[in-house]
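Here the structure comes first, spelled out in structure tokens, and everything after it is commentary.
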Amino acid sequence: MTEPSLIALVVDDEAPARSELRYLLEQDERIGSVLVASSGTDALRVLESERVDVVFSDISMPGLDGMELGRVLARFATRPAVVFVTAHDQHAVDAFAIDASDYVMKPVRPERLAEAVRRVVASVQASVSEPKEEDETIPVELGGVTRFVARSEIRYVRAHGDYARLHTETGSHLVRIPLNTLEERWAAADFVRIHRSILVSLRHVTQVRMDHGRATVRVGEVDLQVSRRHMRDLRQRLLSRPSGP
């Protein structure tokens, strides 16, 4: 498939940073043209009159900052991809929550920016062709350091108020994302609600047991209770899964 020629919008309140990022993007043959904006508000004005495929935005800006801009874009009927370009890593979890395509740290390395463009191109191609499921990475905080966990490693998720705890084979990670958000977002990746507070990955379910009308699923070495309310949906999802790994 021919790679698309993307129209990019660079948003940064610092002129040197805008110029550098624009220059780097213009060296990428997958980028057709690069627009610029000096603030989140300015970016929205550009988006009113121009078609934009991807927004590369700083986060710390006066007025409407990059994260707030991303939340506005998430409500667009046809939204551009969003890549955050920032000197700070503490917003990585928030970026995931609004479905950002990537999170690039300053100073920007050309090879890292090229990887961000590749992810955007892949998402654009997937939207115009037969969808191909890609593994998603989730930023988590561990010892004051942001690390990334692949969605495929997550066995189940347990709600903690407005937070969720992601359970993998080796441990768990608390992220500031409501369980309802993950349920909607990961439905196509075979995550299913089995309880009001539990979301489970069907690929990691090794056993479903019934005992006196109560159901449990085994995920690794853990048994998780299935509520009566969610049993029918779980059964239908298991039966509709394609055979094979």
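The values are calculated or read from the model by the stated rules, or taken from the named source; none is laboratory data. Just so you know, these numbers come straight off a predicted model, no measurement behind them. Cβ placement follows ideal geometry from the backbone for every residue including glycine, while neighbour counts extend to all protein chains displayed. The accessibility values were calculated without ligands, DNA or RNA, using every heavy atom of the protein model including side chains. Shrake-Rupley method; radii C 1.70, N 1.55, O 1.52, S 1.80 Å.
Comparing Val120, Val72, Val83 in a Gaussian network model of the chain where C-alpha atoms under 10 Å apart are linked, the largest mean-square fluctuation is found at Val72.
Rounded to the nearest 10 degrees, the inclination of helix 15-26 to the longest alpha-carbon principal axis of the chain is 70 degrees. Using a 10 Å Cβ count of at most 14 others and DSSP loop calls, identify the longest part of the chain lacking such GluC sites (Glu not before Pro). Segment 51-132 is the longest. Taking 20 °C and 1.002 mPa s as conditions, segment 112-238 diffuses translationally at an estimated 134 µm²/s according to Stokes-Einstein applied to its Kirkwood radius (Cα pairs).
Near Tyr103, once Lys and Arg are set to +1 and Asp and Glu to -1 for all other residues with Cβ below 13 Å from its Cβ, the sum equals -3. Rounded if a/c is under 1.5, else prolate if a/b is larger than b/c, else oblate: which is segment 58-163, with a ≥ b ≥ c the root eigenvalues of its Cα gyration tensor? Rounded. A probe of 1.4 angstrom, applied to the heavy atoms of all protein chains, finds Asp223 with accessible area near 70 square angstrom. Across the chain, the convex hull enclosing all Cα atoms gives 148 Å³ per residue. Against the chain, whose longest principal axis is taken from its Cα atoms, helix 228-240 shows a tilt of about 70°.
Taking the chain as a Gaussian network of alpha-carbon nodes connected by springs under 10 Å, the highest mean-square fluctuation of the residues Arg214, Arg203, Arg22 belongs to Arg214.
Provide the percentage of antiparallel DSSP beta bridges, counting only those with both residues in the chain; round to the nearest 5.
Roughly 65 percent of the DSSP beta bridges within the chain come out antiparallel.
The angle between the Cα long axis of helix 40-49 and the main principal axis of the chain comes to about 80°, on a 0 to 90 degree scale.
Put simply, the C-alpha atoms of segment 136-191 give a gyration tensor, and the ellipsoid matching it has half-axes of 17, 13, 10 Å, longest first. Result for the chain in a Gaussian network model with C-alpha springs under 10 Å: among Pro110, Pro139, Pro80, the largest mean-square fluctuation is at Pro110. For Val83, neighbours were defined as the other residues whose beta-carbon sits under 9 Å from its Cβ, and their charges (Lys and Arg +1, Asp and Glu -1) total 0. With all protein chains in place and a 1.4 Å probe, the accessible surface of the chain carries 48 percent carbon and sulfur.
Computed over protein heavy atoms with a 1.4 Å probe, the accessible surface of the chain works out to 55 Å² per residue.
Ordered by solvent-accessible area of protein heavy atoms (1.4 Å probe), largest first, the residues Arg119, Arg176, Arg51 come out as Arg51, Arg176, Arg119.
If a/c stays under 1.5 just call it rounded; otherwise compare a/b with b/c (prolate if a/b is bigger, oblate if not). Do that for segment 21-110, with a ≥ b ≥ c from the square roots of the Cα gyration tensor eigenvalues. Since a/c stays below 1.5, the shape of segment 21-110 is classed as rounded.
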